Structures are given as C-alpha cells and as structure tokens.
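This is the structure I want to talk about, given as structure tokens.
What follows draws every value from the coordinates through simple rules; no lab data is involved. Fair warning: this is a prediction, and the values are worked out from it, not measured in the lab. When we count neighbours, we look across all protein chains shown, and the Cβ atoms used for this are built from the backbone with ideal geometry, even at glycine.
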Amino acid sequence: MTVALTPAQRRGLSVGVATGLYGISFGALAVAAGLSVAQASALSLLMFTGGSQFAFVGVVAGGGSLGSATAAASLLGVRNAIYGVTANAMLRPRRWRRFAAAQVTIDESIATASAAEDADEERRGFWAGGLAVFVLWNLFTVVGALVGDALGDPAAWGLDGAAVAAFLGLLWPRLRGRDPVAVAVVAAVVTVAVAPAVPPGIPIIIAAAVALAMTAAQHRRRAGSGAVRP
C-alpha cells in the first residue's frame, strides 16, 4: 500500500536526504581530527547539530583543547535554543514529545516547518525534516567515520553543497515582497563582509542578529502605518 505524503513531508524527507549525506563529511573529518568512530557517532547522536559538530572537530584538528572546542560548539548551539521557542509555539508538544522535539529542533526541521502554509503542515514538516535528518545524519556519520580517507575530498562529491542547496530551496518560496528580500540580502552581505575577520560560526550569529533587528523594525513600521502583513 502506497502512503501519500503531504508537501511538507516531502520537503522534510528531501532535506533529510541532502543533509544526512553531508554526515559522511563529518564522520570522515572527525576521525581525521583524531576522534574514534565511537566518539564521532556519539557527537552526532547526542550533540546533533551540524554546525556545532564541525566547530568542535575543527578546533580539535587545529590543536585546540577540549574546553575551547566545547565553547565553540556551544556558541553555535545558541541558535537552537532560539529555535526551541519557535518549535514550542508551533507544536505545543506534551509529555515525551517535548524531549523528542527538543532533540530534533535544528535548522532543517525549523526551516521545513516555516515553509508550510498552515499549522498541520508545520507539524508534519517539522517531524519529517527533523527525524529524517536525525536518522540519516547518524547513519552517514558512521559510514564516513569508517571509510575515512577512502572518500577523498568531500567537496569532490558535492556533499559540501547539498545542505546549502536544500536551504536555498526552502528559502526561495518565502521571499515574497520587498521586506523578506531586503532581510535576506542584507544578512548575506553581512555574512560575507564579516567572515574574514571573525572565527568560523560567528558570521551566521551576527547575520541572524541583523536579520532579527531588521524584522523588528519592519514590524514596528507596519504597526505604525496600520499596514496589514501580507
């Protein structure tokens, strides 16, 4: 029997595949940085936030201490706490679902949910994206850690761009009207401008702060003029 998937579920599974494949890169890089297969797998299973994981192994590979690696990973993980507020408002999870939702509240699940048009589709998109990424990211982390150097450069396989392409696919339908486009353009310019001057991971945090400030200003302007949000 064929199960019919909703648009949000299809988007979630697509993002899960694209992002999950990128887990091969993390597994290979983690082992190259000196972590064991078990340690790389534990990071994906427990930390489960790609940006923080790459920051952690990047510091370790550069000779940094575990303390500094943890600090860098924690800094990037701040955004997930912010996502948690959004996820709680969308899902209203109860009992054990609160713990499950917290574990899969990541960029991909929030982006997939935010691309939906109604509350039911938001929930379907969140769970489809979050669970798909969780399963496949952990699976391919093990694959990458086991095969290691046999894969060669992950960029040669296009794995470094798969997650980026998935996010662009989710972002594009949201760019309706001048305000969202303006926020996206300014955030991109800020990211490119500050990237050479600050440590990895910091540009996205600065760009997010700028985007939040611009969005707040846009809301105040609309409220002052009596405009209705489209």
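Take Tyr22, Tyr83 and order them by how many other Cβ atoms sit within 10 Å, fewest up front.
The most exposed by this proxy come first: Tyr83, Tyr22.
If we count other beta carbons within 10 Å of each Cβ, what is the order of Val186, Val85, fewest first?
By the 10 Å Cβ count, ascending, the order reads Val85, Val186.
By the scheme Lys and Arg +1, Asp and Glu -1, what is the net charge of all other residues having a beta-carbon under 10 Å from that of Leu5?
+3
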